[in-house]
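Have a look at the structure below, then the notes.
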2 protein chains.
Amino acid sequence: MAKSPEDFMRQAIALSAHKMEAGFGGPFAAIIVKGDEIVAQGFNRVTSANDPTAHAEIVAIREACQELGSFSLEGCEIYSSCEPCPMCLAAVYWARLDKIYYANTRLDAAEIGFDDDHLYREISKKIEARVLPMVRIDLPEARAVFRQWQDKPDKVMY
Amino acid sequence: MAKSPEDFMRQAIALSAHKMEAGFGGPFAAIIVKGDEIVAQGFNRVTSANDPTAHAEIVAIREACQELGSFSLEGCEIYSSCEPCPMCLAAVYWARLDKIYYANTRLDAAEIGFDDDHLYREISKKIEARVLPMVRIDLPEARAVFRQWQDKPDKVMY
C-alpha cells in the first residue's frame, strides 16, 4: 500500500525522537523520498560528530546523493521534522529537491532554544547590517579565477 | 613574520584556481584561521564528490571542527574566495566563526552562472511566496519531541 505524506513524516518524527534520546544531537530528523521509496534518512548529530553542519537535512541530502550517485536530487522530496533553517533550506535548493514537507515551525524551534528565526533575519539583511562582521578584500586575482572558470571547456555546471 | 589578511586571501584564491583546474568543482576555496595559524582549508567539490553541500566554506568548517575537536569555531576567522551563499553564510553562524573575509561578490558569482543572489532573495521570502513548494504537516507528535528535548536533563546545547 502506498505510503502517505503523513506516514513519511511520522517516520521522520520517530527517528528524531530516537536519535535525540540516544544523545546524537538536537531533536531533528529528515527523510528523502523518491516516488514511494525512502532514499536516505538523516538526523542531527552536531554535538556528537563535532560538526555544526550536520543538521538532519544536510546529512540526509549528502547520503541520498551518495545513494543515487548524483549531485542532483531532482525528482525527490524531503520530509523534515522541523522547518529547515536557512543553511538547510539553501541546501535543498542546491540539491534541486522538488518539495519540502515539514512539521514543527521555526517558531516552535525558537521556543526550545534554536533561534533559526534570528538566522533568517540576519541572512536577509545587507552585509553591513549583520551582527557578523564581513570584510571584502577586493583582489583582481579572484576575478581572474572566475574568468578562467568561464573559459574552462570541460567544466561541469551544477 | 605575521601574515596579513591579504596573504591568507591570496592563498585561498590560489587554492580555488588549483582545484578548479584539477576538476574538483566550481572556482571556490576557503581557509579557516585561528590567530596566525591555518586550521583548515576547503575547496568546492560538489561535482566530483556528488555532494551539493560540498561548498568550500562547508568543507573547511567541517575539517576545522575535526581538527579542533569541537562543534564551535569561536575565535576563528574564515577567508573565502567569494562571498558565501546563504547555505555557507548560515553555516558560518552555526559554527560561531568570528569574521568573514571574502573577495568576489555574489554578483561576480552570478555573472559566471552561480545565482547565489537569487537564492538570497528566495530565502528572504515568506514560505508561500517561494518557487520551492513547502507544505506543513502539522502533527502533535512533532511538538511532543520538542518538549522531550526541553525536559532532557543531559542535553548538549549548540
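Odds and ends about this structure:
- Residue in segment A:77-86 that is at positive phi and in contact (Cβ under 8 Å) with a residue 40 or more places away in the chain present: no
- Residues in segment A:133-144 that are closer than 16 Å to B:Asp116 by Cβ and aliphatic (A, V, I, L, M) were compared, and the one that is surrounded by the fewest Cβ atoms within 10 Å (Cβ to Cβ) is A:Met134.
- Residues satisfying the stated conditions in segment B:47-87, i.e. within 21 Å of A:Phe24 (Cα to Cα), among the aliphatic types (A, V, I, L, M) and touching a Leu at 6+ places or on another chain (Cβ under 8 Å): B:Ile61, B:Ala64, B:Leu73
- Test: B:Ala54 is within 11 Å of chain A (Cβ to nearest Cβ), open to solvent by less than 30 Å² (accessible area, probe 1.4 Å) and farther than 21 Å from A:Ala95 by Cβ: no
- Residues of segment B:11-34 satisfying the condition of being more than 17 Å from A:Glu141 (Cβ to Cβ), open to solvent by 40 Å² or more (accessible area, probe 1.4 Å) and touching a residue at least 12 places away in the same chain (Cβ under 8 Å): B:Gly23, B:Phe24, B:Lys34
- Look at segment B:90-119: where a residue is facing chain A (nearest Cβ under 7 Å) and a partner is small (Gly, Ala, Ser), sitting 6+ places away or on another chain with Cβ atoms under 6 Å, you get B:Tyr102/B:Ser80; B:Ala103/A:Ala142; B:Ala103/B:Ser81; B:Asn104/A:Ala142; B:Leu119/A:Ala90.
- Picking from residues in segment B:123-132 that are surrounded by 16 or more Cβ atoms within 10 Å (Cβ to Cβ) and out of contact with any strand residue (DSSP E or B) (no Cβ under 7 Å at 6 or more places or on another chain), the one that is nearest to the other protein chains (Cβ to nearest Cβ) is B:Ser124.
- Checked against (1) open to solvent by 60 Å² or more (accessible area, probe 1.4 Å); (2) within 25 Å of A:Ile100 (Cβ to Cβ), B:Met157 meets all criteria but (2).
- Residue list for segment B:88-110, restricted to those being under 16 Å from B:Gly26 (Cβ atoms), in contact with a Ser or Thr (Cβ under 7 Å, 6 or more places away or on another chain) and open to solvent by less than 10 Å² (accessible area, probe 1.4 Å): B:Ala103, B:Asn104
- The condition (being more than 9 Å from chain B (Cβ to nearest Cβ) and of a type outside the set (Lys, Arg)) is satisfied by just one residue among A:Val135, A:Val59: A:Val59.
- Single condition A:Pro5 does not satisfy, out of (1) in contact with a strand residue (DSSP E or B) (Cβ under 7 Å, 6 or more places away or on another chain); (2) surrounded by fewer than 17 Cβ atoms within 10 Å (Cβ to Cβ); (3) within 30 Å of B:Gly25 (Cα to Cα): (3)
The values are calculated or read from the model by the stated rules, or taken from the named source; none is laboratory data. For clarity, every value in this text was computed on a predicted model and none was experimentally measured. Positions of Cβ are backbone-derived with ideal geometry, glycine not excepted, and every protein chain shown enters the neighbour counts. Note: accessible area is taken over every heavy atom of the protein model, side chains too, but ligands, DNA and RNA are not part of it. Shrake-Rupley method; radii C 1.70, N 1.55, O 1.52, S 1.80 Å.
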